[in-house]
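Report on the structure given below.
Just so it is clear, none of the values below were taken in a lab; they were calculated from the coordinates. Just so it is clear, the model here is predicted, and its values are computed rather than measured. Using ideal geometry, Cβ is built from the backbone for each residue, glycine included, and neighbour counts are taken over all protein chains shown.
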Amino acid sequence: MKMFLEDLHKAFESRVRLGIMSALAVNDTLEFTVLKEYLDVTDGNLASHLKALEKESFIEVNKSFVDRKPNTKYSMTKEGKIAFEEHITALEKLIKSQK
Amino acid sequence: MKAEDKYIKDITEIRSMMERSTKFISLSGLSGIMAGIYALVGAYIAHRLFFTENNSMLFNTIDRPEITSEMENLIILALVILLLAVGTAVALSLKKSKKDGEKLWNPAARRVVVNMAIPLVSGGIFILILISKGLFGFLAPATLLFYGLALVNASKFTFEEIRSLGIVQIVLGLLAFYFIEFGLIFWALGFGLMHIVYGIVMHLKYEK
């Protein structure tokens, strides 16, 4: 069981980060406003979690302007995808091992 | 034990977020029932007004009949039914999304609309060509066929039951092409009865 625990990623312990990764795993890109709506968190809270994931290079940011308004899009990196998959596998194994 | 609960909760939340962010689930079963009722009423009016005496104009491909005022009325009737059905669907979805605390126009909704629009716009152009050539009998089968294709295409991004509804519409459309003299009956079956059946199933399954 200890083995699996090591695969659980610290970065995904927070509910918000787990939510961000889940949404980005099934969408190519998502805008800040859309993520905010899905997760139901404040701007500041979401921004700090996104920063943390970006620091781990699990997600990428793409800033652009649409009609002169800033538009920030997020997507998952390859590293992020691998880490997230490992995390899910570890979760599944942990649940199974305890049954 | 406590740790296990947390893992299970994590997995549940991952799954729910994946579904919520890809699937459009604000579609109400009631809008299916309403669309079906509009279609049945429309089909009945069409049958009473236009189809009783002069049936030959529907599949007469040799004379190339002109667009008569009768045909114009039929097209207007069809457009009114379409507007009513779409309007009801949008209004009820708006209500449902508000109740669920979701925004109606989210990326999942956009995907449903875009994926439906591709077959529907092709079908619309195809139907305009049929009208311009005077092939009125093919209108009902063509609407069924393209609508079915649109549903199948969009079903990946909403309730999976939409896929079965789409396949049924495609089959009815093909049958209506073959048995062209019963086009209106197949149309009433597809747009009327099937919508009502689908709406009741969805209402009982997801909205109870």
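Here A:K96 is the anchor, and the lysines within straight C-alpha reach of less than 20 Å, apart from those fewer than 8 places off in the same chain, are A:K2, B:K2, B:K6, B:K9.
Here the dipole of the protein assembly as shown is about 820 debye; that uses its Cα centre as origin and unit charges on the Cβ of Lys and Arg (positive) and Asp and Glu (negative).
Between A:E86 and B:E72, the simple label model (points 7 Å from Cα in the Cβ direction) yields a spacing of 7.1 nm.
Using the Cβ-Cβ distance between A:T72 and A:S14 with R0 set to 25 Å, the FRET efficiency works out to roughly 0.80. Using only helices, what value at 222 nm comes out for chain A when you add -39,500 (n - 2.57) per DSSP H run of length 4 or more and divide by the total residues, to the nearest 500 deg cm²/dmol? Helix-only estimate at 222 nm: -18500 deg cm²/dmol.
Other protein chain C-beta atoms within 10 Å of residue C-beta, averaged over A:17-28: 5. In this simple spin-label approximation, B:K98 and B:K205 carry label points 7 Å from Cα along the Cα→Cβ vector, and these lie 2.7 nm apart. Dividing the helix sum by the residues of chain B, where each DSSP H run of 4 or more adds -39500 (n - 2.57), gives a mean residue ellipticity at 222 nm of -25000 deg cm²/dmol. For a straight C-alpha distance cut-off of 20 angstrom, the aspartates and glutamates reachable from B:K98 (same-chain residues fewer than eight places away being disregarded) are A:E37, A:D40, B:E19, B:E207.
By definition, a body whose alpha carbon gyration tensor gives a ≥ b ≥ c is prolate when a/c is 1.5 or more and a/b is larger than b/c, and chain A fits this prolate description.
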